[in-house]
Each structure stands twice: as C-alpha cells, then as structure tokens.
Amino acid sequence: MGSDYPPSLRCGLPGLILSLETAFILIFWFCFSNESGSTPKDLDIYPAFQDVNVLVILGFGFLLAFLKRYGFSSTGFNLLIAALGVQWAVLVEGFLFSSSAGKMKISLHSILKASISVTAVLISAGALLGKANPIQLIWMAMVEVAAFVTSRWINVKFLKVEEHTSLMHVPIFGTYFGLAVSWWLYHSSLSEKVEKEKSNPISDLFSMLGALFVWMFWPSFNSVLIVDLMERRNAICNTYYAIAVSAVAAFALSSLSSRNGKIRMTYLNSVLKIHDTCGVHYMFGLPGLLGAIVNVILFIIIKRANLSGLGYLALIEVGSFMLTTAIGLGTGFITGFILTFKLWKTLPASKYFDDQAYWEFPHLAYRL
Amino acid sequence: MGSDYPPSLRCGLPGLILSLETAFILIFWFCFSNESGSTPKDLDIYPAFQDVNVLVILGFGFLLAFLKRYGFSSTGFNLLIAALGVQWAVLVEGFLFSSSAGKMKISLHSILKASISVTAVLISAGALLGKANPIQLIWMAMVEVAAFVTSRWINVKFLKVEEHTSLMHVPIFGTYFGLAVSWWLYHSSLSEKVEKEKSNPISDLFSMLGALFVWMFWPSFNSVLIVDLMERRNAICNTYYAIAVSAVAAFALSSLSSRNGKIRMTYLNSVLKIHDTCGVHYMFGLPGLLGAIVNVILFIIIKRANLSGLGYLALIEVGSFMLTTAIGLGTGFITGFILTFKLWKTLPASKYFDDQAYWEFPHLAYRL
Amino acid sequence: MGSDYPPSLRCGLPGLILSLETAFILIFWFCFSNESGSTPKDLDIYPAFQDVNVLVILGFGFLLAFLKRYGFSSTGFNLLIAALGVQWAVLVEGFLFSSSAGKMKISLHSILKASISVTAVLISAGALLGKANPIQLIWMAMVEVAAFVTSRWINVKFLKVEEHTSLMHVPIFGTYFGLAVSWWLYHSSLSEKVEKEKSNPISDLFSMLGALFVWMFWPSFNSVLIVDLMERRNAICNTYYAIAVSAVAAFALSSLSSRNGKIRMTYLNSVLKIHDTCGVHYMFGLPGLLGAIVNVILFIIIKRANLSGLGYLALIEVGSFMLTTAIGLGTGFITGFILTFKLWKTLPASKYFDDQAYWEFPHLAYRL
C-alpha cells in the first residue's frame, strides 16, 4: 500500500469539530430564539421538509458511495458536513437576511432553507470525492455556505430575484465551486484510473439507491419553498415530468454513446467522476439542461397567451444564473488554492479513494 | 458463457425510447394543460403521493433485485418502464376518462393514478425477470397500461365500480397479465435452475429493503384515492392490520413448509420466482388472500349491524374481479405471443438472468 | 461448524405465532371497534405516522444488520416482532388506558402509540442480537410490551406525567430491559470475539442505511404525539438540532478515542455491541446524554424568563425516569431468567450470530 502513511487526523479533526460546534452553540445562544406566535403554516411543510432531509442525508450520502473502497467516507462525511453545514447556514442566513433588529428567529423554515443551501457543499464534495480529507471538507463547507448565502443575498437584494428562485441555483453553484476546487487537488498521477477508483456491482447498487432517493424527492426539493399553492402544485408536476423525461433520456443516450449499445450504470447514476469534470456536468448539467428544455416547453404550453413579459424575465434569469456561476467559480478557485496548504494535512495521492486512511477496520482484509 | 452473444440494442433501444418520448411530449403539448383553479385539496395528497412514488420506484426496483447477477437490470429497468409508463398512463387515462370537451387537465391526481396503474406493469415485469430485454419490456408496458386503463374504464362505466376500487385491481391484473406473457417466454432449458438464477445473501438483503418499502407504504397505496376522510382512515388502519398479520403469517407458514423449520428468505421477500408461476402467486396471491380474509373479518366487525346490502356488493366485487382477471390473461397472452417475434431482439435463453447482456462493466470480474 | 445442530423450530415457531395471532384477532373482534365520528385530525398525523413506521420497520431492521452473517435475522426478526408487537401493544394499551365502558376504539393514533411502544422491544432485541432465537424474541416482546405499557400507566396515573412524555421513555426502558435479559444469555465462551461476531464493509453500509433512517426520522418520533402545534414545532426543531450536534460530536469523539485518530464505523452507527453492554449505552446513552444537554441549553435559551417552576418539573422528570429504569431492569431480569429454560429451544453458544440456524440457504457457500 506504499510506505507513505496518511497523516493522522487525531489532533486536527476533533479539535476543529469541537471548536466549531462550541462556537455555533454560543452564537446560537446569544443571537437566536425560537420563533413564537401562531405557526400552523410552518408545520404544513414538515412532510416536504423530511423529503428534503432524506434527499440531503441519505440520497447524497449513498449517491456518492459508488467507489468500491470509499463507501464509509462517502456516507459518513456526507452526514458530517451536512450536520455541521446546516447549523452554519442557519447562522449565516440569519445574519444576512434577517430584517428586524431583535433576536433572530429559528423555525422549521430556516432549517429547511439551510438544508437546501447545504446541498451546494454536498455536490462540491462529490467533485472532490476521495481526494479531500474531512478537515478540508469541513473548511470547504464553511467557506462555501458563506459564499452561497452571500451570492443569494446579492441576487435577492440587487437583482430582485425571488428568494425561492435564488435557492434553486444551488446545484449550479455547487457544481462550479466544486470543479474550481477540484482543479487544485488534481494530481498528475491520477491521469490513469487506479483500481481503487473503480466501482463494483455492490457499490453501484448502493449508489443507485441514493440516486433514486435524490430523484424521487427532487419535486419536493423544487417546490417546498413556493408559497402560492397553485404554483407549488405546478412546480411539483413539472419537476416530476422533467425528471421522468430525464431518466428515460439518460437510458437512450447512455445506450447510444456506448460501443455496443450497453448502458453504463455510472451514466445513469449520474456518477460524479473524480478529477474528470464531466462527471459533475453529467449529473447536474445534462439533466438540468434536459429539465430546463422540458420546463420551457411546459411553460410555453401553459402560458401561451401572455408572452409579452417573458423576454425580460428570461434576461434576469440568465443574468442571475451567470452571476451565481461566476461567484461559485471565483470563490471555489480561491478555496481550492487555500486547501492545498500542508496545514490541512492533505492526503498523498497514493492514499486517495481509500476508506482506510480515515476509518478503523476490525476486519483487516477489506473485501467489498 | 456460450458463443451466442446477446443481440446489440444499440439501434433499437435509443430509437424506441426517443421516438416514444417525442410522441408523448407532442401529444402532451397539444392536448393537455395544467389544471388551474383553486387546488388546495390536490396538495393534501402530496405526502401520500410521495409514499406511492417511493413504493413504485424504489420498492419494486429493489424488491426484484434478488437475482445475484441481475441487480442493475432489476432496479434500472424498473425506473425506465415506470418513468415511461407513467407518462403513457396519464395520456391514456386522459383520453378514456376525460369527460369535458376542452383540453385535458394534468394534476397531481392524474400523475398519482398513473403511478398506481403502472404498478401492473412492474408486477408483470417481475414475472419476466431476467428473460425479457428492455425493448420487450417497453412494448409490454405500453400495451399493458392501455389494457389496464381500458379494463378500468369498462369496470367504472358498465359495472359502476368506484374508480378507487377499480384501481385496487392493479395487483391482480399485473399478476395474470405477467403470467400469460411469461408462458410464451418459457424455455425448456429453464426447467432446472441455473446458477445465475439464484440469489445470494447480499442480493437478498437488497430485495428485503425493497420488500419493506412496498410493505410499509401499502397503506398509502390502498388509501390515497379515497375521498371520504373517515373511509380513508379506516382503509389505512385495516391495511396496516392486514399486512401486519400477513407478515407474521408468512413467517409461520414458511417455517411450517420447510423440512427443518427454517425460514426461506425468498418466501418472505415474496420472491417473484421466474418461469415458476407460484412466485407471483405467493407475492400477490397468498398475502392478498390473507389480507382479504382479515379485511372481511374487520369489515364484518365494523358493519355487523347492516348486513343487508352485503350480498349484492360482494357479487359486483366478484364479477368485476373476474372481468379484470380475464382481460389481464387475454391481453397478456396476445402480448406474450407478439413479444416472441425476432423483431424485438429476443435474448437467447443462455443469456437470461445476466446484467452483462445490457450493462457495461468497468470491472470485468463480476462478483456480487 | 461444530457437531451440535441448532434445535429445529418446526413445531415451536409456527404454533406459537399462529396461536398468538388467532388470540389477537379474537380479542380484537370482541373488544374493539374502529373509531367513528369526525376524524380529520387523525389523518393529519399520517405523514409523521409513516416516518415512525419507516423508523421502526426499516431503520431498526437495517441498523442491526451489521453482523456479517446475521443480516437476514436482523431485518427479518425485526419485522416479525414489530408486526406482532404492535398488535399486542394496541390490545394492552386499550385495556389499561381505555376510560369508557363500551368497546375500545382503534385509530391511527392507537397504532402509532403501539409502534412507539414496540421500539422498546426492538432496542432490547439489539442487546440480544445473535443470541436469542425467534421463539425467545416473541416471548420477550410479549412480556416487554406489557411491562412497558404498565410502566407508562403508573407514570401517567400516579406521577401525572404527560402521556407523550411517558412514551419518550421508550429508549431507556428498552435499553435496561435488554441489558438485564442479555445478562442471562451471556456465555463464558463469548468473552473473546468470534469471527462471526464481526461486521464487514457491506454489512456496515447496510447498518449505516438503517442508522440514517433512525437519525432522520427521530424528530418525527419525538414530536408526533404532541398536540399543541407550537410545542410540536419546537420539538421538531430542537430534536433536529440535538441529533445534528450528536452526529457531529460522535465524529469528534470517535476520532479522539482511537489510537491514530481514525473513526470507527461501529461507533458512528451506534452499533449495539453484543454481550458488551457499552454498545447499547453508546447508542441510546451517549447521544441521549448529549441530546439532553443540548435540549437543556435550548430550553434555557427559550425560557430564560420564567425559571420558577423548573426545579419541581425536573424532579418529577428524574423520578419518573428512575421508576421507568427500575421497572425495565426488574422485569428484564425476570424475563431473562425465564428465557434460559430449555423449553424455548435455546441456541448453543457455538451457533450464535449465524443466520444458518434459522434460514434456508439455496446457496450453500455463504459469502457476504
């Protein structure tokens, strides 16, 4: 396994986690209070809130569990950065978006928005899969959440984008932030695929499980924040149709693109290929594109009558999209550069894609 | 592995999928519109809608993943035919059941009914597991959805069966349609079980996972379309009791029926044994029977008072049940005959039960 | 594998199950009726009811599936004792808590409370994992459900604890009952860990899946019975925060406690180590403690104003907690003693932790 041992995280990781957690609890204590007053509406979103929770914790965790020797890290670190990231996102969101002077309010709504923001980090983590240690992931999560909430704040404040729409930029932001960071962690020795970087049928099935959860609950993710009930209903139906068409199209394209017409599981599973940027693109680019086309078609179907304002709205949409992409790429680039410092106990490339760098195995012979 | 390669699906599969999808989108465009007006009720069913969605996409997908070399196909093709089938079912349903003259309406309700209709196809696909290629499965899905919706239409229109009740015939229809089709795909060389046709402990656990999802969300499946809240509540409670008793009884019967009192996982998992019709029967026959008995008991417990109309209602119930079974067997028989044509690039029996006929493996040694 | 065969359950198991089930159905028939009247409220809890159902059936089932040769028993017996236990819990609950004279009412609410009560049994079963046969587990479930409901009845009747609070003692009761029973099933030959008692990466991933379901739906479990909407909302938010902090802290502590800073999956998965009591403690002790601390912090944050009644309330809380623990330990001790009788076809210690004692394998070579 090579003679260079991965650096021990014994001092770094627990210290970092515990000090962040202490800081969060203290800030929380002094600046936040549970929202009071009548809140029947807040509970109405609870089922969809749980759908998003499952998508974030279980869906993304297992979606990334396709590397045959990296299942523990994929699911475990996903939980770690989601649980830390949500707390941080609630704080940042509270400071940037809170309007009134008094204590900031905590509600089911704020946790939900934080969960959605955190998916940006989980998508970026997919682009770094197997190459970043938990210390790097945690720092990335802190920076990225702050950057994404700031990007949303700019969108909402200056471009007058609706808050719900600004949150729907999260896959784009996560993708480009992640790609920019991953550019720095690239290592020339990775140009040819190592054995550990492959999947096997079992890890692929676990990944399929996660992918299905993301797929099934995407309508909830897309609609939960929409206030108007009619629009929410339409968002659910349209998203359902968009993902159904995407899934079907993925089968056709995967079969078309292979030599002998066979389907590639990684293609379907929207596998986030490592240091191979097209992975993330396939996941949130291609289906996003297809979904967008279908959405536009449906949009035109529905609103054929009044097409007057469409042009201006599309312009704002495109502008806000470009801004989000630019902030994602820029902050990701800087973050990636900082993450290469030795300080973070970076992993030698020979230890990439291997659970054994971080996890204790009672069973020595690792055989997935 | 034999010298006869499985026929490449390169030209057939993508062409079929893309032309169907294009047709669906065009029909949709010209004939459907999003339902407008106040629809708070529509959103009320969203949590149960998601339960049904999970049951259909994840439950059935993993339920069928018990063959040790067929996990990709089981979960993947389940998603493919579900996603295509739902779109088709919305269209067929719209044309047959839509009353008014104008554009047909699309709502959460229509997608939900389409999801329930599509389970007929997924059950039938279980009876063909490992023996049909995706082209055959897609054609079967198209025919079966049309046949099932037509069967429902006859039930609702002429037997005056309630729409909700007619949809609850979906397991019966799927079972007998599937058995009739599978009769044609039977091959004498399959009389003794090949190695690939077995499960292994891991694939059995994945199958258990799917079975549990089907089991847990069956109350939602059974109740979601009932309008009256009291009746819906009762349907949930009764279904819950019925499946609890079924699960417990399955343990007892499995232990009784084996030589040494051991329990068979395939029995529990309601494994849909291939070309062995009793598999499907055990899954949707035996538990259905047990559930029916318990339901009748509960029914009598509740309604002991007014037993007058029970006889007539039971007659209609039995008649409608027989009709559905007959249509399922008949259309299934014809469909099965058509599916044996060489045109569909049928698989040689030596390639049955093997993911490698359809899926690309980066890892050559397939070891589940 | 040793020459001592595990005793056949052929006569015992089906007989026990079928007679219990018959008894349940008869009691149900004569003493219960579906609740009638307007029940829109009952349906409001249905989404959270399903969350609890998933937690109980799927979460606990897979959480315990970490032993590499015991996956079938973990998931299968969990389903068996949950399905039997819920029916029994509804009956016991009905006889002890029902106030009016007429027929007892069955509703979604009573099934929900029964599901929550049954988690005590599932937790205890975790402490016996691999050492008890299904006959023993079923008897334990019957006794434990009765003991827990009685303990709740004493709490509610004499200590005037709220019904919701008394149900939240279920993890404590289950833990101490299970530890007391497991004391009797301990065998000196178990002092060193046998090969079969270990996990492997795949079984650990399945266990992670179950653990995530328990984790994600814990807020539903904690809040579903609270009537006041504001309090329910607060319970959801506080539980969410408590488990997020627990998960993060578990990473830090696991890394701190290992020699080289590596994380132990079993630690995270809150693995219920067998005959090693600390397993159960880690699962429901440590996180419970952490959660309690955070809850207290949040509680003080929220209610800083009126601290007057806190002391008395805390006293009742502690007293009721001690009482529950004592009843759990006492009844568990007696139950454990009874379960050692030969009558129950106890397993020889050499057959512990092995699916092959109970399950038929079509594939002889068991290779997980």
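The values are calculated or read from the model by the stated rules, or taken from the named source; none is laboratory data. It should be emphasised that the depicted structure is a prediction, and the values quoted were computed from it without experimental measurement. Note: ideal-geometry Cβ built from the backbone for every residue, glycine included; neighbour counts use all protein chains shown. Remember, those area values only see protein heavy atoms, side chains included, never the ligands or the DNA or RNA. Shrake-Rupley method; radii C 1.70, N 1.55, O 1.52, S 1.80 Å.
Rounded to the nearest 0.05, what FRET efficiency is calculated for B:L18 and A:F95 with R0 set to 45 Å and r the Cβ-Cβ distance? The formula returns an efficiency of 0.35 here. Assuming a ≥ b ≥ c are the square roots of the Cα gyration tensor eigenvalues, decide whether the stretch A:133-231 counts as rounded (a/c under 1.5), prolate (otherwise, with a/b larger than b/c) or oblate. Judged from the Cα gyration tensor, the stretch A:133-231 comes out oblate (a/c at least 1.5, b/c at or above a/b). Model label points for B:M322 and C:C11, set 7 angstrom from Cα along the Cα-to-Cβ axis, are 4.5 nm apart. Counting Cβ atoms of other protein chains within 10 Å of each Cβ in A:104-117 and taking the mean gives 2. Put simply, chains C and A cover up around 5400 Å² of each other's accessible surface, both sides summed, when a 1.4 Å probe is used.
For the stretch C:114-213, which trypsin sites (Lys or Arg not before Pro) are in a loop by DSSP, counting at most 15 other Cβ atoms within 10 Å?
Details: sites: C:K131, C:R152, C:K157, C:K160, C:K193, C:K196, C:K198; in loops: C:K131, C:K160, C:K193, C:K198.
Passing sites in the stretch C:114-213 are C:K160, C:K193.
Among chain A residues, the beta-carbon with the smallest distance to the axis carrying A onto C is reported, with distance in whole Å, as A:P47, 2. Per-residue mean of foreign Cβ neighbours for B:228-238 is 5 (Cβ atoms of other chains, 10 Å radius). So how far, in whole Å, is the C-alpha centre of the stretch A:111-148 from the one of the stretch C:211-257? Rounded to whole Å, the Cα centres lie 21 Å apart. In this assembly of identical copies, the label point of C:E195 (Cα plus 7 Å along Cα-to-Cβ) is separated from its counterparts by 2.2, 2.3 nm, sorted shortest first.
Here C:T150 and C:L343 are evaluated by their C-beta separation; at R0 = 25 Å the FRET efficiency comes out at 0.55.
Counts of other chain beta carbons within 10 angstrom of each beta carbon in peptide B:77-84 average 5. From most to least packed by mean Cβ count within 10 Å, the peptides B:113-120, B:344-351 give B:113-120, B:344-351.
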